[in-house]
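**Q** The structure under discussion is supplied below as C-alpha cells; questions concerning it will follow.
The values are calculated or read from the model by the stated rules, or taken from the named source; none is laboratory data. Everything quoted here is computed from the prediction, not taken from an experiment. Positions of Cβ are backbone-derived with ideal geometry, glycine not excepted, and every protein chain shown enters the neighbour counts. Accessible surface is based on the protein model in full, side chains and every heavy atom, while ligands, DNA and RNA are left aside. Shrake-Rupley method; radii C 1.70, N 1.55, O 1.52, S 1.80 Å.
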Amino acid sequence: MVMAEKHTNQAAIRVEGLHKDFILPHERHTGIKQYLINIFKQKKGYEHQKVLKDLTFEVKKGDFFGIVGRNGSGKSTLLKLLAGIYTPGKGLIQVDGTLIPFIELGVGFNPELTGRENIFLNGALLGFSRKEMDAKYDSIVEFSELERFMDQKLKNYSSGMQVRLAFSIAIRAKGDILLLDEVLAVGDAAFQQKCFDYFEQLKKDKKTVILVTHDMGAVERFCNKALLINKGRIEAVGSSQMIANKYNQLNQAQIEKDTKAQAERESNEDQTGIKMNIETGVMYKYGEKLTFTITWDKERIKGVKNAGVALFAANGEYVFATNTVIDKYKLNEGRISITYDLALGDGTYFFKIGLFGKNDTDVIRFIDKGPEFIIKTNNKWHGRFKLDHEWK
Amino acid sequence: MKISNIVSRKNRILLRELVVTEFKLRYQDSILGFLWSLLKPLLMFAILYFVFGQLLRIGSDIEHYAVYLLLGVVLWNFFVEATGQGLSAIVARGDLIRKINFPKYIIVVSGTISALINLTINLVVIGVFMAINGVDLLATAPLVVLPIAMLYVLSLAIAFFLSAANVKYRDVGHIWDIFVQAAFYATPILYPISMVLERSSFIGHVLMLSPVAQTIQDARYFLITHQTITSSQLFGKWYFDLIPYALTAIVVVVASLYFKKSSKYFAENV
C-alpha cells in the first residue's frame, strides 16, 4: 500500500451541507402489530428528530482536528457519519484516503475466542489482511505485554487486559486518517498516559486525526484546529484555543442556568433538606478565593457531627477533600462554610458533600454531584497544580 | 454496490474471518464437536426412515428410497439452516454494525456459508450411504451441482430479504418458523410426489412449482434414480418449466434491492 503523499493544503475530509434526521419510534414496539395499530388509528408511530443541521467544514491533511460539544450536541452522530456507519440524510461527505475509525476499542471482540484469534478478527474488521496482521502481530502482542495469555480465551482476561489488547491493536493500525472517540482515554491514569503518548506521537508524525472529546485540555494540547458543535449546528470552527474558550463560555452559561434552576427547585421543594451555594460565583482565576456554604434543616437532619467537602474535576479526577473532624473545627448546627484558595489549573470542578454522625461510616446525607465552578486563567503551564520547581 | 467490491480482497478476508469464527464458536465446549454436523441429519434421517419408510410404508415403489429420503432431508435442512442463519444475522451482529462500517451483506453471506459447509459434509455422508446401498453411479451425477447451486442462490436471496425485514419487524422470525414448518410438508421430501399426483393431479402440479421442490427433485434425479419425477417431466411445457426458475429470479431481484435499500440504515435501526 502506497501512502498518499501529504500536501498540507489538501482536504482529507470535506463535509458539505450535511443533515441528519433520526426517526424515533414513540414506543419501542418494532412489530407488525404496532404497525397495524398505527395505521388503524391513523397515528404516526414515530417522529423526526433533526440531529445535525447543515454542517459544512473541511479537515486538511496533517490536521489534528478536534470536534467538541456538550452531551447531546450531535458530535457522536457526526463521528458515526464520518466513519460511514450512518448514511447522511442530505449533503456530502468526501474522504480522501483510508479512514480508520475507533468509535470503540476492540470492536467484534468475542469472549469465547482466544487473544490471538481476537486480534485477527478485529484486524479483519478494520480492513487488514491476514498477511498484514501477521506482520503486526508480534509488535501488538509485545506492546500489550500479554505474551503469556495469547492462547487463552478472552473471557479469562481481566477488563484491564482486554483494554490493553484492544488498544495495542488500535495503535498498530495504520491508515491515512484516524477517527478517535474520547472513550479511548477511559481507564486508569497509566492507561490515559499511554493514550496521550500515542496522541503525541500521531501529532509528531503529522497524521490526519479527528478527535471527538469534551476534554478541553486535550483539545488545546493536541489539536491545531477544532470545531464546536451545539444543538446540531456548527457554533464555530477555528484554532483550538478559540474553540476551547467558546466551549467554556457555552458550558458556563449552561452551568449558570442549571444552578439557577436547581436553586429554584430547591427553594420550592427542599427534598434533601440541604442547600448548597457557591457564594463567590462560577468563574475563577488561578489563586482566587471561593466560598462554599452548606445549610441544612436542623429539624429534619439531626446528629450531624462531621461535615465533609470533596472537590472533583469534571472528568472524575479526585482533587482534594477534607472534613471538619480532620481540621478539628467545631461544627455548629445547620450551617457550615468553607473558603478555598484556588491554586488550581484550568478546568471545570464540582463538589461532593457528606454529612456524617460520629463515625465516617455513619452517613446521614451524601450528595454525589454538588455545584460546579470553572477555573480559566490562561496560565502558561499545564496541569492541575503548579509545583515549586527549579531548572538547572 | 459494485461487483468488484463484492469480491474485493478486503471483503473476502473479513468473510473468511467471520466464517471461521462462527465455525469455531458453534462447536465450542461440546465433546463431539464438529461430529454433530454429521450426526444430526443422520439421526433425523433414522427417525424419518423408521416412521415413513417402515411404519407407514411410503415410497416402497422407489428404488433406494432410504438414500432418496436422506438427500431430500439434507437439502431441506440446508435450506432451513441457511435462511435461518441469514434471518438473525444482522440483528445478532447489531453491536458490530453500530460501531464500524463494513459491507453488511458479508454477515449474511457468512451465515449461509456455514450452512454450505455443513451441506458439503452431509453430501459426503450421502456418498457413503449410496455406496452401502449399492446405488449405481449415474452418468448424470456430476450435474447435481446445478440444482444445489440454484438452491444456494435461492436460500441466500431469501436470507437477504429476511435479515433486512427482521431489523424492522421482529415478527419476521416467528412467521418464518411457521412458514418453514408448513413448507416442509408441502414439499415432496418425506413422500414421493407420485402419491399426491394420484390423489389430486392439480395439487401435485402446484407443489412442483416451488423452486425448493424442483431443486430437490432434480438433485434426486441426477444423483440417485431416474425414477424421480422432476418438474420439467411433469409439466412438459417450457413455460411451466420456467416457473420455479422465474420464482427464484424474482426473489433474487426483490431481495437484493430491498437489502441494498435498507442496509444503509441498519446502524440506526438495529
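**Q** Give me the net charge of B:S210's neighbourhood, meaning all other residues with Cβ under 15 Å from the Cβ of B:S210; Lys, Arg count +1, Asp, Glu -1. Each step should come with its number before you reach the end.
**A** Values: positive: B:R220; negative: B:D218, B:D241.
Counting the neighbours of B:S210, the net charge comes to -1.
**Q** May I ask you to give the percent of accessible area on chain B that is carbon plus sulfur, with a probe radius of 1.4 Å? Write down the numbers at each step before the final one.
**A** On the way: 8950 of 12970 Å².
Ligands and nucleic acids excluded, carbon and sulfur give 69 percent.
**Q** Continuing with this model, one more query. Normalise the Cα radius of gyration of the protein assembly as shown by 2.2 N^0.38 Å (N = residues in it) and let me know the number. Present the calculation step by step, with values, prior to reporting the outcome.
**A** Numbers: Rg = 33.0 Å, N = 662, 2.2 N^0.38 = 26.0 Å.
In units of the globular-protein estimate, the protein assembly as shown measures up at 1.27.
**Q** How much net charge surrounds A:K285 when only the other residues with a Cβ under 10 Å from the Cβ of A:K285 are counted, with Lys and Arg +1 and Asp and Glu -1? All intermediate terms of the calculation are to be shown ahead of the outcome.
**A** On the way: positive: A:K376; negative: A:E288, A:D346.
Spelling it out: positives minus negatives among the neighbours equals -1.
**Q** Here's another thing I want to ask about it. For the pairs A:K60/A:K194; A:K207/A:K231; A:K302/A:K369; A:K75/A:K131; A:K50/A:K203; A:K194/A:K285, flag any whose C-alpha to C-alpha distance is greater than 32 Å. Each step should come with its number before you reach the end.
**A** Numbers: A:K60/A:K194 26 Å; A:K207/A:K231 29 Å; A:K302/A:K369 22 Å; A:K75/A:K131 35 Å; A:K50/A:K203 34 Å; A:K194/A:K285 30 Å.
From A:K60/A:K194; A:K207/A:K231; A:K302/A:K369; A:K75/A:K131; A:K50/A:K203; A:K194/A:K285, over 32 Å: A:K75/A:K131; A:K50/A:K203.
**Q** Please express the Cα-Cα pair-distance distribution P(r) of chain B as a list of whole percents, one per 10 Å bin, running from 0 to the bin with the greatest distance.
**A** 6, 27, 33, 23, 9, 1
**Q** Take chain A, compute every pairwise Cα distance, and split them into 20 Å bins from 0; I just need the percent in each bin.
**A** Reading upward from the zero bin: 22, 46, 30, 2, 0.
**Q** Let me spell out the model: positive unit charges on the Cβ of Lys and Arg, negative unit charges on the Cβ of Asp and Glu, origin at the Cα centre of segment B:23-161. What dipole size does that give, in debye rounded to 20?
**A** Around 640 debye, computed over segment B:23-161.
**Q** Mind putting a number on the dipole of the protein assembly as shown about its Cα centre? Charges go on the C-beta only, +1 for Lys and Arg and -1 for Asp and Glu, and I need it in Debye to the nearest 20.
**A** On the way: 79 positive and 64 negative charges, 253 e Å.
In debye, rounded to 20, the protein assembly as shown gives about 1220.
**Q** Tally up the carbon and sulfur contribution to the accessible surface of chain A as a whole percent, 1.4 Å probe, everything protein left in place. Don't skip to the answer; put the middle values down first.
**A** On the way: 10530 of 21110 Å².
Exposed carbon and sulfur together represent 50 percent of the surface.
**Q** Moving on to the next point. Take the alpha-carbon centre of segment B:119-187, take the same for segment B:196-270, and report the distance between them in whole Å.
**A** 11
**Q** Can you tell me the length gained on complete extension of the stretch B:I175 to B:L25, counting 0.36 nm per residue apart and subtracting the Cα distance?
**A** On the way: separation 150, 0.36 × 150 = 54.00 nm, distance 2.72 nm.
Extending this stretch completely gives an extra 51.3 nm.
**Q** Can you list the trypsin sites (Lys or Arg not before Pro) in segment A:121-183 that are in a DSSP coil and have 16 or fewer other beta carbons within 10 angstrom? Provide the component values of the computation, followed by the final result.
**A** Working: sites: A:R130, A:K131, A:K136, A:R148, A:K153, A:K155, A:R164, A:R172, A:K174; in loops: A:K174.
Those that pass, being in a loop and sparsely packed, are A:K174.
**Q** Taking the Cα centre as origin and putting +1 on Lys and Arg beta-carbons and -1 on Asp and Glu beta-carbons, what dipole magnitude results for chain B, to the nearest 20 debye? Mind dumping the intermediate values first?
**A** On the way: 21 positive and 14 negative charges, 255 e Å.
Once rounded to the nearest 20, the dipole reads 1220 debye.
**Q** So what does the Cα-only Debye profile of segment A:192-309 read at q = 0.14, 0.16, 0.17, 0.19 Å⁻¹, as log10 I(q)/I(0), no solvent term?
**A** Here the Debye-derived log intensity ratios amount to -0.82, -0.92, -0.97, -1.06.
**Q** Along each principal axis of its Cα atoms, how long is segment A:332-392 end to end? Whole angstroms, biggest number first, please.
**A** So the three principal-axis extents are 50, 25, 20 Å.
**Q** With every protein chain kept in place and ligands, DNA and RNA left out, what is the accessible area per residue of the protein assembly as shown? Probe 1.4 Å, answer in Å².
**A** Numbers: 34080 Å² over 662 residues.
With the other protein chains kept in place, the protein assembly as shown gives 51 Å² per residue.
**Q** What quantity of accessible surface, computed with a 1.4 Å probe and excluding non-protein components, is buried in total between chains B and A, in Å² to the nearest 100? Present the calculation step by step, with values, prior to reporting the outcome.
**A** Numbers: alone 14350 and 22440 Å², together 34080 Å².
Buried surface at the B/A interface: approximately 2700 Å².
**Q** Name the residues of segment A:113-129, by number, that are at least 30 Å² less accessible with every protein chain in place than in the isolated chain; the surface is that of heavy atoms, probe 1.4 Å, without ligands or nucleic acids.
**A** A:L113, A:E117, A:L121, A:A124, A:L125, A:G127, A:S129
**Q** I would also like to ask the following. Classify segment B:9-49: rounded, prolate or oblate, from the alpha-carbon gyration tensor (a ≥ b ≥ c, eigenvalue square roots; a/c under 1.5 rounded; otherwise prolate if a/b is larger than b/c)?
**A** Values: a/c = 5.88, a/b = 2.20, b/c = 2.67.
Oblate is the answer for segment B:9-49, as a/c is 1.5 or above yet b/c matches or exceeds a/b.
**Q** What residues does segment B:95-112 have that are buried by at least 30 Å² of accessible area in the full protein assembly compared to the chain on its own, 1.4 angstrom probe?
**A** Buried by 30 Å² or more upon assembly, which counts only protein chains, are B:L96, B:R98, B:K99, B:I100, B:N101.
**Q** Please work out the Cα center distance from segment A:234-257 to segment A:77-122, rounded to the nearest Å.
**A** 29
**Q** For segment B:31-182, restrict the atom set to alpha-carbon positions and state the Rg and Dmax in Å.
**A** 17.8, 58
**Q** Looking at the square roots a ≥ b ≥ c of the eigenvalues of the Cα gyration tensor of segment B:171-270, which shape do they give, rounded for a/c under 1.5, prolate if a/b is larger than b/c, or oblate? Write down the numbers at each step before the final one.
**A** Numbers: a/c = 2.65, a/b = 1.91, b/c = 1.38.
Because a/c hits 1.5 or more and a/b exceeds b/c, segment B:171-270 counts as prolate.
**Q** When the convex hull of the Cα atoms of segment A:312-356 is projected onto a plane and the area is averaged over all directions, what value comes out in nm²? Each step should come with its number before you reach the end.
**A** On the way: hull surface 15.6 nm².
Average of the hull's projected areas for segment A:312-356 equals 3.9 nm².
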